[in-house]
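Report on one structure; see the data block that follows.
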Amino acid sequence: MIVEWKASFCCGVESIDEQHKALVGLIATLHRAMVEGRAKAEMAEIIENLVFYARYHFAWEEQWLDQHGFKGLAAHSADHERLTREILLLQSRLQEGQQVAGMPLMRLLQDWLLTHIEQRDKAAVASVFPSAQQTETDPQPQAFEQVAD
């Protein structure tokens, strides 16, 4: 199970695709740690980084979709909430001293990546921005413009 960025993950809006690449990079970090036998020692940091970036990305993406009039935003946000809850549950178990195996987390992330990014994100973007090209750029949502500065 090699985790790497694939062109099929592109939804056609550069800023969203770049954020998805960062999420794939975090998943790849977990995979490398597992392969190299470092997952147990690095799991807390990997999950913490994943939670932080996923929250940032989900908020950004939801605001972008809202600004572009996406009609399915409630269901899309619910998908984000579900994944966040599952990752936070794993993080909580880890903080309580329970062992968290890397494979269940990898399966969760990989399944989510394949279904959410490749299907739901691409469909959401296409519904509000049908002419999006893989190199299309779009302005940052207003609330996040200052983060990049």
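Quick note: the coordinates plus some simple rules give every number you see, no bench work behind them. Just so it is clear, the structure is predicted and the values come from calculations on it, not from any experiment. As a convention, Cβ positions derive from the backbone with ideal geometry for all residues, glycine included, and neighbour counts pool all protein chains shown.
Placing +1 on each Lys and Arg Cβ and -1 on each Asp and Glu Cβ, with no other charges, gives segment 10-128 a dipole about its Cα centre of roughly 300 debye.
The C-alpha radius of gyration of segment 10-128, expressed as a fraction of 2.2 N^0.38 Å, stands at 1.09. For W5, the amide hydrogen comes within under 5 Å of no other amide hydrogen, counting only partners 5 or more places away or on other chains and with H modelled in the peptide plane.
When the Cα centres of segment 79-114 and segment 52-73 are compared, how far apart do they sit, in Å? About 21 Å separates the Cα centre of segment 79-114 from the one of segment 52-73. Straight-line cross-link partners of K71 among the lysines, defined as a Cα under 21 Å from its Cα and at least 8 positions apart when in the same chain: K122.
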